[in-house]
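The values are calculated or read from the model by the stated rules, or taken from the named source; none is laboratory data. Everything numeric here is computed off the predicted structure, so don't read it as measured data. All Cβ positions, even for glycine, are placed from backbone atoms using ideal geometry, and neighbour counts span all protein chains on display.
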Amino acid sequence: MNEWNRKDLTAFLGNEESGILYFYTPLCGTCQVASKMLSVVEELVDVKMGKMNLNFYPDVAAEFAVESVPCLLIVRGGQVKETLYAFHSVPYLLEKIKEYLT
C-alpha cells in the first residue's frame, strides 16, 4: 500500500475515484496489526489503496472526523461510504470492501 500525501488525497477525491484510505500512526500497536491485515487484503482484491500517517496531517483527521486510529475509509465515487475503526479480521475487511467497491 502506497503512502499518500495531501496531493494524492486531493487527486483521489477530486477525480471521484473509488478505493480505501487507511489512517494510522507509526507507534500504534493496533495500527501495526491492521497494516498487516490490509497487506493481505491488498493481495486479494484489485482496489486502489492508500495510507496516511495522521501525525503529519491533523487537518485531514479533522476534515474526516477521525476519532481514533487505525481508521479505514471506504470511498466510492469520491464520497466516504463507511468508516471502520474495528478491523476484526481479513474476511471481515474483504466483505466490507466488496460490499461497496465490487
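If the requirement is being modelled with pLDDT of 95 or more, within 13 Å of the chain's Cα centre (by Cα) and not aliphatic (A, V, I, L, M), which of these qualifies: 70, 26?
70
Would you point out the residue of region 6-32, among those that are without any contact (Cβ under 8 Å) to a residue 40 or more places away in the chain and part of a loop (DSSP other than H, G, I, E, B), that is nearest to residue 102 (Cα to Cα)? Show your work before the answer.
Going residue by residue through region 6-32, those that are without any contact (Cβ under 8 Å) to a residue 40 or more places away in the chain are 7, 10-11, 26-27, 29, 31-32.
Okay, now just the ones that are also part of a loop (DSSP other than H, G, I, E, B), so 26-27.
Numbers: 26: 30, 27: 33 Å.
Among those that are without any contact (Cβ under 8 Å) to a residue 40 or more places away in the chain and part of a loop (DSSP other than H, G, I, E, B), it is 26.
Across region 55-88, which residue is surrounded by the fewest Cβ atoms within 10 Å (Cβ to Cβ) among those that are farther than 13 Å from residue 22 by Cβ and touching a Ser or Thr at 6+ places or on another chain (Cβ under 7 Å)?
The qualifying residue surrounded by the fewest Cβ atoms within 10 Å (Cβ to Cβ) is 77.
Considering region 33-76 alone, what residues qualify as being in contact (Cβ under 8 Å) with a residue 40 or more places away in the chain, farther than 19 Å from residue 94 by Cα and not aliphatic (A, V, I, L, M)?
53, 57, 64
Which numbered condition in (1) farther than 19 Å from residue 8 by Cβ; (2) assigned to a helix (DSSP H, G or I) is the only one that residue 62 fails?
Single failed check for residue 62: (1).
Return yes when residue 44 is out of contact with any Gly (no Cβ under 8 Å at 6 or more places or on another chain), among the hydrophobic types (A, V, I, L, M, F, W, C) and surrounded by 15 or more Cβ atoms within 10 Å (Cβ to Cβ) and no when it is not.
Working: out of contact with any Gly (no Cβ under 8 Å at 6 or more places or on another chain): yes; among the hydrophobic types (A, V, I, L, M, F, W, C): yes; surrounded by 15 or more Cβ atoms within 10 Å (Cβ to Cβ): no.
Judged against the criteria, residue 44 is not a match.
Please tell me if residue 69 is among the aliphatic types (A, V, I, L, M) and out of contact with any Phe, Trp or Tyr (no Cβ under 9 Å at 6 or more places or on another chain).
Values: among the aliphatic types (A, V, I, L, M): yes; out of contact with any Phe, Trp or Tyr (no Cβ under 9 Å at 6 or more places or on another chain): no.
No, not satisfied.
Taking region 33-56 only, how many residues are aliphatic (A, V, I, L, M), part of a loop (DSSP other than H, G, I, E, B) and under 18 Å from residue 100 (Cα atoms)? Please lay out each step first, then the result.
So in region 33-56, the residues aliphatic (A, V, I, L, M) come out as 33-34, 37-38, 40-41, 44-45, 47, 49, 52, 54.
From the residues that got through so far, the ones that are part of a loop (DSSP other than H, G, I, E, B) too are 45, 47, 54.
Now narrow it down to the ones that are under 18 Å from residue 100 (Cα atoms): 45, 47.
Residues that pass the stated criteria total 2.
Taking residue 17 as meeting all but one of (1) within 20 Å of residue 85 (Cβ to Cβ); (2) out of contact with any Gly (no Cβ under 6 Å at 6 or more places or on another chain), write down the number of the exception.
(1)
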